[in-house]
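Notes for the one structure printed next.
The values are calculated or read from the model by the stated rules, or taken from the named source; none is laboratory data. Every value quoted in this text rests on a predicted model; they were computed, and no experiment measured them. For neighbour counting, all protein chains shown are included, and Cβ atoms are generated from backbone atoms with ideal geometry for every residue, glycine included. Note: accessible area is taken over every heavy atom of the protein model, side chains too, but ligands, DNA and RNA are not part of it. Shrake-Rupley method; radii C 1.70, N 1.55, O 1.52, S 1.80 Å.
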Amino acid sequence: MSLLTDLINLNLSDTTDKIIAEYIWIGGSGMDIRSKARTLNGVVSDPQKLPKWNYDGSSTGQAPGEDSEVMCDAYTPAGEPIPTNKRHNAAKIFSHPDVVAEVPWYGIEQEYTLLQKDSKWPLGWPIGGYPGPQGPYYCGAGADKAFGRDIVDSHYKACLYAGINISGINGEVMPGQWEFQVGPAVGISAGDELWVARYILERITEIAGVVVSFDPKPIAGDWNGAGAHTNYSTKSMRNDGGFEVIKKAIGKLQLRHKEHIAAYGEGNERRLTGRHETADINTFIWGVANRGASIRVGRDTEKEGKGYFEDRRPASNMDPYVVTSMIAETTILWKP
């Protein structure tokens, strides 16, 4: 065997019933995805039946050295969620009977930027220089417009293979920037699927020798930033008369704008400037078909009187457990 890929692609089922299980979790920064693997004696079809396993939390910024044992899914050995475990609180919100009854749907548009490994400059850009201005790159085709499509297409297929409900991909406005969409997904599964899709992307870019950045404004100046627009609807919004429910929900979101912005991603103030298809970070506006708004309602929703809306405020590095649960808690449970 002359290639490492020959070994990576070995079919173990010919010689053993044992499998390799990859355990993944979110590290101390809230965006560093960690993983390690272990051997199991056979296939496990239900994740709940996987053996519990711990990791060194002192090496991931999640525990002190004298008490560093942390369980994957980010709990202490005593069963208490550690501070970076945002899924725990989200699960409580999504299991609330009123939220369950509304069957909240999410579609998350994850933007990201591919960077050259050594220079940390966007893929396809001349080192220390700039490409032509934005315009031809969005959904573009050609070697001078689309940079990294092999990575993007590999990620797309890998997510489908893994069972992620990835619904599409496209090239973004800034060259070297791309987007994939996850959804529609119900409740907490939106966060689960987005995190695993991010992990798969990290592994594919690792193989390709390229760095993936979720920074909301990786290049300063007249270039689009990177967001994670979150499309949302409830059962009441999807039913007849749902547009009135949507307008009431948007009113609630407006009242908690500052609270949400504080939790919608690090560095978002560099992106939400009122330019490049964003609303200013200190201003809350909504509108039909307005991509410069905080909340955008589609023309079809207005026409049909029911449907969904898009929260355009979340940054590309937002935690989907936080964003999705905050939207649900505010629009369904919160009484202003």
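State which helices in the chain qualify, where a helix is a whole DSSP H run, it must extend 27 Å or more along its own axis by its Cα atoms, and its mean Kyte-Doolittle hydropathy must be at least 0.0. Counting only whole DSSP H runs, the qualifying helices are 189-208. With a Förster radius of 30 Å applied to the C-beta separation of residue 158 and residue 59, the computed FRET efficiency comes to 0.65.
Only Cα sites of the stretch 17-84 enter the Debye sum here, all with the same form factor; the resulting log10 I(q)/I(0) across q = 0.21, 0.25 1/Å is -0.88, -1.10, listed in q order.
Using C-alpha pairs below 8 Å separated by at least 6 residues, the relative contact order for the stretch 208-336 is 34 percent. Taking only protein heavy atoms and a 1.4 Å probe, the accessible area of the chain is 52% carbon and sulfur. Accessible surface of residue 49, taken over heavy atoms with a 1.4 Å probe and every protein chain present, rounds to 150 Å². Measuring between their Cα centroids, the stretch 312-336 and the stretch 80-127 lie 11 Å from each other. A 1.4 Å probe run over the chain, with the rest of the protein chains in place, finds 50 Å² accessible per residue. Kindly work out what percent of the DSSP beta bridges joining two residues of the stretch 99-333 are antiparallel, to the nearest 5. Percentage antiparallel, nearest 5: 90.
If the elastic network links every pair of Cα atoms under 10 Å, which of 189, 95, 233 fluctuates the most in the Gaussian network model of the chain? Its mean-square fluctuation being the largest, the pick is 95. Kirkwood hydrodynamic radius of the stretch 99-333, from the reciprocal of the average inverse Cα-Cα distance over all distinct pairs: 18.1 Å.
Between residue 22 and residue 207, the contour length at 0.36 nm per residue exceeds the alpha carbon distance by 64.9 nm. Principal axis analysis of the Cα atoms in the stretch 1-122 yields extents of 57, 44, 41 Å, listed in decreasing size. Starting from the Cα of residue 145, draw a straight line to each of the lysines and keep only those under 26 Å, dropping any in the same chain fewer than 8 residues away. Straight-distance partners of residue 145: 117, 120, 157, 217.
Rg and Dmax of the stretch 222-266, both derived from C-alpha coordinates alone, stand at 13.8, 42 Å. Over 22 Å apart at the Cα level, from the set 258/306; 252/306; 92/335; 258/335; 49/235, are 258/306; 49/235.
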